[in-house]
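Right, one structure below, let's go through it.
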Amino acid sequence: MSVSSAVKVSVVVVTFNHAAYIDTALRSVYEQATDFDFEILISEDASTDGTREIVQGWQERFPDKIRLILSPANVRSNQVVARAFAAARGDYIALLDGDDYWTSPDKLNRQVAMLDANPNLSLCFTNAEIVGDSGVPAGTSWTSPTLKPRLTLADLWGGNPFATCGSLFRRSSVAQIPAWYDGFFPVTDWPLYILFAEQGDIAYLPEMMGAYRLHAGGLYSAQSRRDKLASMDSLYRRLNACLEGRYDAQIHTGHRRYFLDWAREYIGQGDATLARACLAYANGYRKNESLADRMEFLGVAARLLLRPRRGRDAAS
(Lines give C-alpha, C1' and ligand atoms only; values in the text may rest on other atoms or scores of the structure.)
Protein backbone atom coordinates (compact mmCIF):
# COMPACT_ATOMS: atom_id res chain seq x y z
CA MET A 1 0.00 0.00 0.00
CA SER A 2 1.33 3.47 -0.79
CA VAL A 3 1.54 6.22 1.79
CA SER A 4 -1.58 8.38 1.74
CA SER A 5 -1.12 11.89 0.38
CA ALA A 6 -3.61 13.20 2.98
CA VAL A 7 -1.11 13.68 5.81
CA LYS A 8 -0.86 16.59 8.19
CA VAL A 9 2.81 16.12 9.12
CA SER A 10 5.81 14.68 7.33
CA VAL A 11 8.42 13.48 9.81
CA VAL A 12 11.81 13.66 8.09
CA VAL A 13 14.37 11.34 9.68
CA VAL A 14 17.90 11.94 8.40
CA THR A 15 20.32 9.11 9.05
CA PHE A 16 23.85 7.90 8.34
CA ASN A 17 25.62 5.19 10.35
CA HIS A 18 23.09 5.29 13.18
CA ALA A 19 22.61 1.53 13.56
CA ALA A 20 22.91 1.78 17.34
CA TYR A 21 20.27 4.50 17.58
CA ILE A 22 17.86 4.43 14.65
CA ASP A 23 15.38 1.95 16.16
CA THR A 24 14.90 4.23 19.17
CA ALA A 25 14.41 7.25 16.91
CA LEU A 26 11.82 5.57 14.70
CA ARG A 27 9.98 4.01 17.63
CA SER A 28 9.64 7.44 19.24
CA VAL A 29 8.08 8.76 16.03
CA TYR A 30 5.82 5.81 15.40
CA GLU A 31 4.44 6.02 18.95
CA GLN A 32 3.26 9.63 18.56
CA ALA A 33 -0.36 9.94 19.71
CA THR A 34 -1.97 12.27 17.17
CA ASP A 35 -5.45 13.13 16.00
CA PHE A 36 -4.16 13.49 12.42
CA ASP A 37 -2.28 11.35 9.91
CA PHE A 38 1.46 11.65 9.52
CA GLU A 39 4.07 10.03 7.34
CA ILE A 40 7.67 9.09 8.13
CA LEU A 41 10.13 9.97 5.40
CA ILE A 42 13.58 8.45 6.02
CA SER A 43 16.49 10.00 4.11
CA GLU A 44 19.40 7.56 4.42
CA ASP A 45 22.87 8.43 3.14
CA ALA A 46 24.54 5.12 2.16
CA SER A 47 25.44 3.92 5.64
CA THR A 48 28.12 1.28 6.10
CA ASP A 49 27.04 -0.07 9.50
CA GLY A 50 23.70 -1.71 8.73
CA THR A 51 21.50 1.37 9.18
CA ARG A 52 20.07 0.98 5.67
CA GLU A 53 18.99 -2.58 6.34
CA ILE A 54 17.30 -1.50 9.58
CA VAL A 55 15.27 1.28 7.94
CA GLN A 56 14.35 -1.02 5.05
CA GLY A 57 13.02 -3.45 7.63
CA TRP A 58 10.89 -0.72 9.17
CA GLN A 59 9.50 0.26 5.77
CA GLU A 60 8.61 -3.35 4.98
CA ARG A 61 6.71 -3.59 8.28
CA PHE A 62 4.91 -0.26 7.89
CA PRO A 63 4.58 0.46 4.14
CA ASP A 64 1.48 2.57 4.73
CA LYS A 65 3.44 4.94 6.99
CA ILE A 66 7.08 5.00 5.87
CA ARG A 67 8.80 6.11 2.67
CA LEU A 68 12.53 5.80 2.01
CA ILE A 69 14.96 8.04 0.11
CA LEU A 70 18.21 6.13 -0.27
CA SER A 71 21.51 7.55 -1.54
CA PRO A 72 23.23 5.36 -4.15
CA ALA A 73 26.51 6.69 -2.74
CA ASN A 74 27.31 8.82 0.29
CA VAL A 75 26.20 12.39 -0.49
CA ARG A 76 27.71 14.00 2.61
CA SER A 77 25.88 17.29 2.14
CA ASN A 78 22.67 18.94 3.26
CA GLN A 79 21.07 17.64 0.08
CA VAL A 80 20.05 14.67 2.25
CA VAL A 81 17.80 17.07 4.17
CA ALA A 82 16.71 19.22 1.22
CA ARG A 83 15.57 16.28 -0.91
CA ALA A 84 13.36 15.02 1.91
CA PHE A 85 11.77 18.45 2.37
CA ALA A 86 11.04 18.51 -1.36
CA ALA A 87 9.40 15.08 -1.19
CA ALA A 88 7.33 15.81 1.94
CA ARG A 89 3.54 15.75 1.58
CA GLY A 90 2.46 17.16 4.92
CA ASP A 91 1.42 20.69 5.78
CA TYR A 92 4.16 20.62 8.40
CA ILE A 93 7.60 18.99 8.56
CA ALA A 94 9.29 17.70 11.71
CA LEU A 95 13.03 17.07 11.39
CA LEU A 96 14.77 14.38 13.43
CA ASP A 97 18.34 13.13 13.23
CA GLY A 98 18.59 9.36 13.35
CA ASP A 99 20.64 9.39 16.54
CA ASP A 100 18.12 11.54 18.46
CA TYR A 101 14.61 10.68 19.62
CA TRP A 102 11.40 12.13 21.02
CA THR A 103 10.43 11.68 24.65
CA SER A 104 6.81 12.88 24.62
CA PRO A 105 4.04 11.13 22.65
CA ASP A 106 2.26 14.49 22.47
CA LYS A 107 5.11 16.34 20.79
CA LEU A 108 3.59 16.56 17.33
CA ASN A 109 0.06 17.23 18.60
CA ARG A 110 1.24 20.16 20.74
CA GLN A 111 3.22 21.75 17.93
CA VAL A 112 0.59 21.26 15.23
CA ALA A 113 -2.01 22.89 17.49
CA MET A 114 0.31 25.87 17.90
CA LEU A 115 0.93 26.34 14.17
CA ASP A 116 -2.71 25.72 13.26
CA ALA A 117 -3.80 28.45 15.67
CA ASN A 118 -1.13 30.94 14.56
CA PRO A 119 -0.80 31.20 10.77
CA ASN A 120 1.84 33.92 11.14
CA LEU A 121 4.28 31.39 12.61
CA SER A 122 6.71 29.55 10.34
CA LEU A 123 8.33 27.41 13.03
CA CYS A 124 7.56 25.82 16.39
CA PHE A 125 10.18 24.31 18.68
CA THR A 126 10.16 22.32 21.89
CA ASN A 127 13.04 22.04 24.31
CA ALA A 128 15.24 18.93 24.38
CA GLU A 129 17.37 17.10 26.91
CA ILE A 130 21.06 16.46 26.20
CA VAL A 131 21.82 12.77 26.78
CA GLY A 132 24.54 10.22 26.13
CA ASP A 133 27.64 11.94 27.52
CA SER A 134 28.78 11.12 31.05
CA GLY A 135 29.95 14.71 31.50
CA VAL A 136 26.44 16.13 31.04
CA PRO A 137 24.24 16.14 34.17
CA ALA A 138 20.88 14.39 33.83
CA GLY A 139 18.13 16.80 32.90
CA THR A 140 20.41 19.28 31.11
CA SER A 141 18.31 21.15 28.57
CA TRP A 142 19.49 22.17 25.10
CA THR A 143 17.60 25.46 25.25
CA SER A 144 17.08 27.71 28.26
CA PRO A 145 13.59 27.09 29.66
CA THR A 146 13.35 30.87 30.22
CA LEU A 147 13.77 31.74 26.54
CA LYS A 148 10.89 33.94 25.45
CA PRO A 149 7.92 32.10 23.89
CA ARG A 150 8.01 34.09 20.63
CA LEU A 151 11.11 34.79 18.59
CA THR A 152 11.86 36.48 15.30
CA LEU A 153 14.64 36.19 12.75
CA ALA A 154 16.58 38.84 14.68
CA ASP A 155 16.83 36.45 17.64
CA LEU A 156 18.67 33.83 15.57
CA TRP A 157 21.73 35.88 14.64
CA GLY A 158 23.41 35.34 18.00
CA GLY A 159 23.52 31.57 17.49
CA ASN A 160 21.21 28.57 17.14
CA PRO A 161 18.96 28.26 20.21
CA PHE A 162 17.21 24.98 19.31
CA ALA A 163 17.97 21.28 18.92
CA THR A 164 16.93 19.75 15.60
CA CYS A 165 14.73 17.18 17.34
CA GLY A 166 12.50 19.98 18.68
CA SER A 167 11.54 21.33 15.27
CA LEU A 168 8.30 21.68 13.34
CA PHE A 169 8.30 23.70 10.09
CA ARG A 170 5.38 25.16 8.14
CA ARG A 171 6.16 23.65 4.72
CA SER A 172 4.49 26.44 2.73
CA SER A 173 6.78 29.08 4.26
CA VAL A 174 9.71 28.03 2.03
CA ALA A 175 8.59 26.62 -1.30
CA GLN A 176 12.08 25.48 -2.30
CA ILE A 177 15.24 25.27 -0.26
CA PRO A 178 18.03 27.08 -2.16
CA ALA A 179 20.97 25.14 -3.55
CA TRP A 180 23.46 26.99 -1.35
CA TYR A 181 22.03 25.22 1.72
CA ASP A 182 23.71 21.96 0.64
CA GLY A 183 27.17 23.37 1.34
CA PHE A 184 26.63 24.09 5.05
CA PHE A 185 27.00 20.42 6.00
CA PRO A 186 27.46 19.19 8.73
CA VAL A 187 25.47 22.16 10.10
CA THR A 188 21.98 21.22 8.93
CA ASP A 189 19.78 23.13 11.33
CA TRP A 190 20.67 26.79 11.84
CA PRO A 191 20.73 27.93 8.16
CA LEU A 192 17.42 26.09 7.66
CA TYR A 193 15.85 27.86 10.64
CA ILE A 194 16.97 31.21 9.23
CA LEU A 195 15.36 30.50 5.86
CA PHE A 196 12.02 29.77 7.51
CA ALA A 197 12.30 32.59 10.07
CA GLU A 198 12.55 35.03 7.17
CA GLN A 199 8.94 34.16 6.42
CA GLY A 200 7.37 34.15 9.90
CA ASP A 201 7.95 34.15 13.64
CA ILE A 202 8.96 31.23 15.86
CA ALA A 203 7.04 29.70 18.78
CA TYR A 204 8.96 28.06 21.63
CA LEU A 205 7.51 25.44 23.99
CA PRO A 206 9.88 25.09 26.98
CA GLU A 207 8.97 21.50 27.85
CA MET A 208 11.66 18.92 27.01
CA MET A 209 9.93 16.68 24.45
CA GLY A 210 13.01 15.29 22.71
CA ALA A 211 16.51 14.04 23.40
CA TYR A 212 19.65 15.28 21.67
CA ARG A 213 22.24 12.54 21.81
CA LEU A 214 25.80 13.76 22.38
CA HIS A 215 28.30 11.11 21.27
CA ALA A 216 31.66 10.72 19.57
CA GLY A 217 30.05 9.73 16.27
CA GLY A 218 28.17 13.02 15.89
CA LEU A 219 29.51 14.89 12.88
CA TYR A 220 29.43 18.31 14.55
CA SER A 221 29.58 17.49 18.26
CA ALA A 222 32.71 15.38 17.75
CA GLN A 223 34.71 18.38 16.51
CA SER A 224 37.22 19.98 18.86
CA ARG A 225 36.25 23.25 20.52
CA ARG A 226 38.79 25.12 18.40
CA ASP A 227 37.41 23.58 15.19
CA LYS A 228 33.86 24.50 16.22
CA LEU A 229 34.92 28.12 16.64
CA ALA A 230 36.48 28.14 13.17
CA SER A 231 33.35 26.51 11.73
CA MET A 232 31.11 29.14 13.29
CA ASP A 233 33.23 32.03 12.00
CA SER A 234 33.04 30.55 8.51
CA LEU A 235 29.31 29.90 8.83
CA TYR A 236 28.54 33.55 9.64
CA ARG A 237 30.58 34.76 6.69
CA ARG A 238 29.07 32.29 4.24
CA LEU A 239 25.53 32.97 5.45
CA ASN A 240 26.06 36.67 4.83
CA ALA A 241 27.21 35.94 1.28
CA CYS A 242 24.41 33.46 0.54
CA LEU A 243 21.79 35.87 1.85
CA GLU A 244 23.31 38.55 -0.41
CA GLY A 245 24.06 40.93 2.44
CA ARG A 246 20.44 41.75 3.21
CA TYR A 247 21.09 41.17 6.92
CA ASP A 248 24.65 42.43 6.88
CA ALA A 249 24.49 44.60 10.01
CA GLN A 250 22.60 41.97 12.04
CA ILE A 251 25.01 39.22 11.02
CA HIS A 252 28.06 41.26 11.99
CA THR A 253 26.46 42.11 15.33
CA GLY A 254 25.48 38.47 15.91
CA HIS A 255 28.99 37.31 15.04
CA ARG A 256 30.55 39.75 17.51
CA ARG A 257 28.09 38.83 20.25
CA TYR A 258 28.61 35.11 19.69
CA PHE A 259 32.39 35.27 20.00
CA LEU A 260 32.46 37.76 22.87
CA ASP A 261 30.06 35.55 24.83
CA TRP A 262 32.31 32.55 24.25
CA ALA A 263 35.38 34.59 25.13
CA ARG A 264 33.77 35.36 28.50
CA GLU A 265 32.89 31.70 28.95
CA TYR A 266 36.44 30.52 28.27
CA ILE A 267 37.92 33.21 30.52
CA GLY A 268 35.67 31.90 33.27
CA GLN A 269 36.92 28.37 32.58
CA GLY A 270 40.54 29.52 32.71
CA ASP A 271 41.11 28.66 29.05
CA ALA A 272 43.10 31.66 27.83
CA THR A 273 43.98 30.06 24.49
CA LEU A 274 40.38 29.64 23.36
CA ALA A 275 39.41 33.01 24.84
CA ARG A 276 42.10 34.65 22.71
CA ALA A 277 40.85 32.77 19.65
CA CYS A 278 37.32 34.07 20.27
CA LEU A 279 38.59 37.63 20.60
CA ALA A 280 40.53 37.26 17.35
CA TYR A 281 37.40 36.08 15.54
CA ALA A 282 35.32 38.90 17.05
CA ASN A 283 37.92 41.44 16.00
CA GLY A 284 38.39 40.01 12.51
CA TYR A 285 34.82 40.35 11.25
CA ARG A 286 33.50 43.70 12.42
CA LYS A 287 31.84 46.44 10.45
CA ASN A 288 30.36 49.83 11.35
CA GLU A 289 31.24 49.16 14.97
CA SER A 290 29.91 51.67 17.48
CA LEU A 291 31.98 53.13 20.30
CA ALA A 292 29.95 51.09 22.80
CA ASP A 293 30.70 47.91 20.82
CA ARG A 294 34.41 48.67 20.78
CA MET A 295 34.44 49.42 24.48
CA GLU A 296 32.72 46.09 25.13
CA PHE A 297 35.38 44.28 23.11
CA LEU A 298 38.19 46.08 24.96
CA GLY A 299 36.53 45.26 28.28
CA VAL A 300 36.54 41.54 27.52
CA ALA A 301 40.15 41.75 26.29
CA ALA A 302 41.14 43.53 29.52
CA ARG A 303 39.41 40.86 31.58
CA LEU A 304 41.51 38.25 29.81
CA LEU A 305 44.75 40.16 30.48
CA LEU A 306 43.91 40.80 34.13
CA ARG A 307 42.51 37.37 34.98
CA PRO A 308 43.95 35.61 38.06
CA ARG A 309 46.71 33.18 37.11
CA ARG A 310 46.13 29.53 37.94
CA GLY A 311 49.43 28.03 36.96
CA ARG A 312 49.53 27.18 33.29
CA ASP A 313 46.48 28.27 31.32
CA ALA A 314 44.15 25.48 30.26
CA ALA A 315 44.74 24.27 26.70
CA SER A 316 47.86 26.48 26.37
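Structure values in brief
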read-out	value
Enumeration of residues in segment 78-117 that are of a type outside the set (D, E, K, R), farther than 22 Å from ARG213 by Cβ and touching a helix residue (DSSP H, G or I) at 6+ places or on another chain (Cβ under 9 Å)	GLN79, ALA82, PHE85, ALA88, GLY90, TYR92
Test result for ALA138, within 23 Å of ASP23 (Cα to Cα) and without any contact (Cβ under 8 Å) to a residue 12 or more places away in the chain	yes
Residues being more than 24 Å from the chain's Cα centre (by Cα), part of a helix (DSSP H, G or I) and not basic (Lys, Arg) - total across segment 235-276	6
Options LEU243, LEU214, LEU306: the member that is surrounded by fewer than 20 Cβ atoms within 10 Å (Cβ to Cβ), modelled with pLDDT under 95, over 24 Å from CYS165 (Cβ atoms) and of a type in the set (A, V, I, L, M, F, W, C)	LEU306
Search result, residues across segment 118-135 that are without any contact (Cβ under 8 Å) to a residue 60 or more places away in the chain and farther than 23 Å from ALA211 by Cβ	PRO119
Members of segment 148-197 that are exposed (fewer than 15 other Cβ atoms within 10 Å of the Cβ), assigned to a loop (DSSP other than H, G, I, E, B) and touching a residue at least 60 places away in the same chain (Cβ under 8 Å)	GLN176, PRO178
Conditions (1) in contact with a helix residue (DSSP H, G or I) (Cβ under 8 Å, 6 or more places away or on another chain); (2) in contact (Cβ under 8 Å) with a residue 12 or more places away in the chain: number failed by SER231	(1)
Positions within segment 22-65 being of a type in the set (Ser, Thr, Tyr), out of contact with any Phe, Trp or Tyr (no Cβ under 8 Å at 6 or more places or on another chain), surrounded by fewer than 21 Cβ atoms within 10 Å (Cβ to Cβ) and in contact (Cβ under 8 Å) with a residue 40 or more places away in the chain, in sequence order	THR34
Restricting segment 67-126 to residues that are crowded, with 22+ Cβ neighbours inside 10 Å and hydroxyl-bearing (Ser, Thr, Tyr), the residue that is nearest to VAL55 (Cα to Cα)	TYR101
First in segment 280-291 and open to solvent by 100 Å² or more (accessible area, probe 1.4 Å), second anywhere and of a type outside the set (D, E, K, R), Cβ under 9 Å, 6 or more apart	ARG286/HIS252; ARG286/HIS255; ARG286/PHE297; LYS287/ALA249; LYS287/HIS252; ASN288/ALA249; ASN288/HIS252
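The values are calculated or read from the model by the stated rules, or taken from the named source; none is laboratory data. Nothing here was measured: the structure is a model prediction, and the numbers come from that model. Here Cβ is always computed from backbone atoms with ideal geometry, including for glycine, and neighbour counts include all displayed protein chains. Each accessible area value is taken on the protein alone, full model and side chains, heavy atoms only, with ligands, DNA and RNA left out. Shrake-Rupley method; radii C 1.70, N 1.55, O 1.52, S 1.80 Å.
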